Amino acid sequence: MSGGQYVGVNPAANIVSVKVLDEAGRGTSGDALAGIQWIIDNAAKYNIRVANLSIGTADTGSSDLLVQAVEAAWDMGIVMVVAAGNNGPNSSTITSPGTSKKVITVGAMDDENCEDAAGQPMRHFSGRGPTSECIVKPDILAAGCNVVAALTNSREISAQRLRGLKRVGEHYVKMSGTSMASPAVAGAISLLLARRPNMTPNEVKLFIKQTAKNLRLPPNRQGWGVLDITRWGL
């Protein structure tokens with residue numbers, strides 16, 4: 001709809017959208033678990049190789065179940081990419097299931113001076129590690145500030161909700177958060193898997209690590225650094 005002005009990292013990718021949140025971005029852990037189970041059940045049918053989860057909860061009572069679910073998907077060959085959450089800058093603020101040691105957890109590289117949809121400042125919001133198991137998180141960073149994304153044309157979105165969004169023309173919206181950084185990494189991984197389809201999730205994670213650009217920030221702020229596909233040599 002933008003004539004090529006706004007385009008994702010892999011515009012040729014086939015996208016399977018699994019809805020687990022309502023129009024305000026709210027949902028339950030049960031909804032998320034059901035969505036992850038649907039991905040597992042339908043992975044072979046739709047050739048699902050990578051999944052983005054721009055969701056998270058700080059509720060430790062449900063976190064183990066979410067971690068178990070994403071790790072089950074990972075073990076069956078699906079690269080699970082999860083947002084780090086927006087509860088920074090304090091340590092140990094990674095949300096579940098981004099706390100999983102297996103998945104690729106994504107933080108925002110540019111969280112110093114952002115704005116939310118209402119124009120309110122968002123500073124140093126990206127979740128930081130370590131996890132409760134002393135695992136360094138996030139794993140990788142990507143742009144998460146004022147990212148332009150497609151706006152759904154669903155009638156489920158109320159007029160009040162639309163008024164609260166930072167619209168870019170008729171078909172796009174600007175949003176900030178690790179939920180915007182995570183799908184950029186998932187899209188890049190889909191491009192990698194299109195070129196190297198035999199890579200396992202563990203091999204993908206190692207490749208991302210080895211090609212990241214080190215920003216010289218503390219490990220529990222940047223993980224391995226920022227995603228840099230110019231180093232991939234595809």
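The values are calculated or read from the model by the stated rules, or taken from the named source; none is laboratory data. Computed from a prediction, not measured in an experiment: that's the story for all the values here. Counting neighbours? That spans all protein chains shown, and the Cβs are built from the backbone with ideal geometry, glycine included. Side chains are part of the model used for accessible areas, which takes the heavy atoms of the whole protein and leaves out ligands, DNA and RNA. Shrake-Rupley method; radii C 1.70, N 1.55, O 1.52, S 1.80 Å.
Here the Gaussian network model covers the chain, with springs between Cα atoms less than 10 Å apart; of Ile39, Ile15, Ile78, Ile15 fluctuates the most. Couplings 3J(HN,Hα) of the stretch 139-146, computed from phi: 8, 8, 10, 8, 4, x, 10, 6 Hz, in residue order, whole Hz [Karplus 6.51 cos²θ - 1.76 cosθ + 1.60, θ = phi - 60°; x for Gly and Pro]. Under 5 Å from the amide H of Asp116 lie the amide H atoms of Met122, each residue being 5 or more positions distant or on a separate chain, with H modelled from the backbone and absent for Pro and chain starts. For the pair Val7 and Gln37, a Förster radius of 41 Å applied to the C-beta separation gives a FRET efficiency near 0.80, rounded to the nearest 0.05.
Normalised by the number of residues in the stretch 53-184, the mean separation of alpha-carbon contacts (under 8 Å, six or more apart) gives a relative contact order of 27 percent.
Ignoring ligands, DNA and RNA, what accessible area per residue does the chain give at 1.4 Å, in Å²?
Details: 12330 Å² over 234 residues.
For the chain, the solvent-accessible area averages 53 Å² per residue.
Note on the chain: with charges restricted to the Cβ of Lys and Arg (+1) and Asp and Glu (-1), its dipole about the Cα centre is near 540 debye. So which of Lys137/Lys209; Lys102/Lys213; Lys19/Lys209; Lys101/Lys209 end up more than 23 Å apart by C-alpha? Violating the 23 Å limit, Cα to Cα: Lys19/Lys209. Tell me, what ³J(HN,Hα) does each residue in the stretch 78-83 have, in order and in whole Hz, if you take phi through Karplus 6.51 cos²θ - 1.76 cosθ + 1.60 with θ = phi - 60° and put x for Gly and Pro? Whole-Hz 3J(HN,Hα) from phi for the stretch 78-83: 9, 6, 9, 10, 10, 5. The value of relative contact order for the chain, using C-alpha pairs under 8 Å at least six residues apart, is 21 percent.
A simple rule links phi to the HN-Hα coupling: the Karplus curve 6.51 cos²θ - 1.76 cosθ + 1.60 with θ = phi - 60°, which for the stretch 40-54 gives 4, 5, 10, 4, 5, 4, 9, 6, 7, 9, 9, 10, 9, 10, 8 Hz, with x for Gly and Pro. Taking springs between alpha-carbon atoms closer than 10 angstrom, which of Ala108, Ala118, Ala149 fluctuates most in the Gaussian network model of the chain? For the chain, modelled as a Gaussian network with Cα springs under 10 Å, the answer is Ala118.
Over the chain, what percent of the accessible surface lies on carbon and sulfur atoms, probe 1.4 Å?
On the way: 6130 of 12330 Å².
Using a 1.4 Å probe with all protein chains present, the chain comes out at 50 percent carbon and sulfur.
Comparing Ser176, Ser132, Ser92 in a Gaussian network model of the chain (Cα springs below 10 Å), the most mobile by mean-square fluctuation is Ser132. At a Cβ-Cβ separation cutoff of 4.7 angstrom, cysteine residues of the chain with no neighbouring cysteine are Cys134.
Annotation: amide H-H contacts under 5 Å for Val50 (H modelled 1.01 Å from N, sequence separation of 5 or more, or interchain): Val79.
Here's the list of aspartates and glutamates a cross-link from Lys174 could span, going by alpha-carbon distance under 13 Å and ignoring same-chain residues fewer than 8 apart: Glu115, Asp116.
Binning all Cα-Cα separations of the chain at 10 Å, short to long from zero, yields these whole-percent fractions: 8, 33, 39, 19, 1.
Here's the picture: charge each Lys and Arg Cβ at +1 and each Asp and Glu Cβ at -1 in the stretch 147-234, and of Thr211, Ala184, Leu165 the one pushed furthest to the positive end of that dipole is Leu165.
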